[in-house]
Amino acid sequence: MKKKTPNKLKILNDPIYGFIQIPNSIIFDLIEHPYFQRLRRIAQMGFSNLVYPGANHTRFQHAIGCIHLMQKAVRVLRFKQIEISKDEEVALYIAILLHDIGHGAFSHALEHSIVSGISHEEISLKFIKKLNEEFDGELDLAITIFEGKYHRKFLYQLISSQLDIDRLDYLKRDSFFTGVTEGNISSDRLIVMMNVKDDELVIEKKGIYSVEKFLIARRLMYWQVYLHKTGLVAENMLVNVLRRAKELAENGVDLYASSALKYFLYNQIDKDNFTDDTLEMFSNLDDYDILSAIKEWTNHSDKVLSLLSKMIVDRELLRIEIQKTNFEEVDVQKKIQKFSKKLKLSAKETSYFVFSQRIINQAYNSEIPILILNKKGKLKDIAKASDQLNLQALTKPVVKYFICYPKYK
């Protein structure tokens with residue numbers, strides 16, 4: 001019996017945009033690949049669901065949303081007589097689909113704990129290059145655009161800039177799933193206002209108010225969601241759990257973990273030794289590995305590991321204080337001494353429960369500006385073109401400091 005050729009022109013139903021078309025067979029094949037399917041098992045917003053119970057959406061959903069918005073952007077720019085070849089179009093779809101493929105479990109937490117010196121963007125590029133080998137070089141142009149090496153700058157800006165397709169989806173999607181309406185931007189309006197001038201991606205002057213709303217929404221989402229104090233505590237506790245597990249592993253302590261997680265716990269992985277074998281192990285590591293390990297570690301004989309794990313599982317998190325000035329090291333040390341006695345742990349062990357850090361929120365970076373195109377064909381930075389005084393303030397980084405410690409009296 002003759003084998004049927006699968007239909008690769010699928011339509012997916014998305015809660016944000018409705019029906020999303022898979023534009024061609026190579027995109028379908030990339031979505032079907034195990035590297036990409038892994039994104040179904042990685043939460044888009046880490047532990048934000050401990051604050052906003054609906055925030056359980058995944059990197060997979062985000063990537064699919066991005067390819068939908070990129071199709072709209074290509075149609076709009078072509079309608080405005082911007083030439084985009086078929087090869088460039090497909091490359092854009094591939095690049096935006098795979099832009100987050102290198103994210104580790106719980107997104108950013110792994111970058112600071114069990115893998116060091118290599119960012120998720122660099123791991124994404126390694127994945128894309130590996131896929132390119134499997135797809136016989138069909139991703140060559142996508143890689144060139146992804147790395148910012150293509151001669152048409154605006155194509156890269158659609159993938160990575162201050163008003164890129166990535167941000168247009170995640171703000172709208174995260175707003176929807178958290179229920180925080182302040183982040184609900186008009187991605188359609190912003191895309192319709194896109195144009196290209198002097199090889200730069202620009203926004204027509206009619207869209208200036210939509211850009212203002214986008215920047216303000218981004219600022220509010222950072223303070224209300226991405227840098228929410230409970231989310232900060234949970235993510236830092238996760239980092240500390242993994243740091244403690246890594247420390248125990250280095251000292252030869254036996255830890256329950258999946259084979260993928262064990263590989264990263266018991267080996268020092270950095271940029272220099274991140275081989276193809278490492279990439280393969282990384283492709284098998286997701287949120288499920290971390291959560292199952294943490295659940296098991298609640299019963300581990302190491303008090304630091306078990307207590308931190310239990311606090312995360314039961315959502316009995318550390319207390320957090322946030323202020324505009326740095327916490328004095330002497331005050332941090334006093335808290336470490338105080339809780340060292342209460343927890344019956346050494347000062348070093350107590351530092352997993354008492355720590356101080358800083359957070360930075362810069363809603364708009366004028367060094368890589370969003371350019372507004374006026375009717376005379378002139379370009380102007382949105383911060384100068386806008387009559388919204390708040391936008392100038394958004395260019396300044398806001399730095400805050402926080403300290404975490406146990407909720408003992």
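Quick notes
- Contact order relative to length of the range 1-79, as percent, for alpha carbon pairs under 8 angstrom and 6 or more apart: 21 percent
- Cα-Cα over 21 Å, subset of Lys130/Lys262; Lys149/Lys380; Lys229/Lys303; Lys229/Lys407; Lys80/Lys206; Lys295/Lys341: Lys130/Lys262; Lys149/Lys380; Lys229/Lys303; Lys295/Lys341
- Annotation for the range 281-358 versus the range 105-138: alpha-carbon center distance of 27 Å.
- Whether the range 78-236 is rounded, prolate or oblate, judged on the alpha carbon gyration tensor where a/c under 1.5 counts as rounded: oblate
- In the range 335-408, a dipole from Cβ-located charges (positive for Lys and Arg, negative for Asp and Glu) runs towards its positive end, and of Pro369, Ser346, Gln392 it is Ser346 whose Cα lies farthest in that direction.
- Shape call, the range 318-382: gyration tensor on alpha carbons, a/c limit 1.5: prolate
- The range 45-99 - charge dipole about Cα centre, Lys and Arg +1 at Cβ, Asp and Glu -1, debye rounded to 20: 180 debye
- For the listed residue pairs Lys10/Lys197; Lys72/Lys197; Lys8/Lys129; Lys348/Lys396, the alpha carbons are over 25 angstrom apart in Lys10/Lys197; Lys348/Lys396.
- Taking Cα centre as origin and charging only the Cβ of basic (Lys, Arg, +1) and acidic (Asp, Glu, -1) residues, the dipole magnitude of the chain rounds to 1600 debye.
- GNM result for the chain, Cα springs below 10 Å: residue of Ser85, Ser309, Ser48 fluctuating most strongly: Ser85
- Partners of Lys126 within straight-line reach, counting aspartates and glutamates whose Cα lies under 12 Å from its Cα and excluding those fewer than 8 residues away in the same chain: Asp100, Glu147, Asp276, Asp277, Glu280.
- The residue list Leu125, Ile203, Leu279 was ranked by how far each Cα lies along the charge dipole of the chain toward its positive end, using unit charges on Cβ atoms, and Ile203 comes out on top.
- Carbon + sulfur, % of accessible area of the range 46-140 - ligands and nucleic acids excluded, 1.4 Å: 50 percent
- For the chain, the alpha-carbon coordinates run over 70, 68, 37 Å along the three principal axes, in decreasing order.
- Average accessible surface for the chain: 48 Å² per residue, computed with a 1.4 Å probe over protein heavy atoms with every protein chain in place.
- Computed about its Cα centre, the charge dipole of the range 103-178 is approximately 280 debye, with only Lys, Arg, Asp and Glu carrying charge at their Cβ.
- Seen against the Cα atoms of the chain and their longest principal axis, helix 86-97 is set at about 20 degrees.
- Cα-based reach from Lys86 at 15 Å (exclusive), listing aspartates and glutamates while leaving out same-chain residues under 8 positions away: Glu138, Asp140
- Cα gyration tensor, the range 146-250 - rounded (a/c under 1.5), prolate or oblate: oblate
The values are calculated or read from the model by the stated rules, or taken from the named source; none is laboratory data. Predicted model, so just to flag it, every value in this text is computed and none were measured. Every residue, glycine as well, gets a Cβ built from its backbone with ideal geometry; the counts of neighbours run over all protein chains shown. Note: accessible area is taken over every heavy atom of the protein model, side chains too, but ligands, DNA and RNA are not part of it. Shrake-Rupley method; radii C 1.70, N 1.55, O 1.52, S 1.80 Å.
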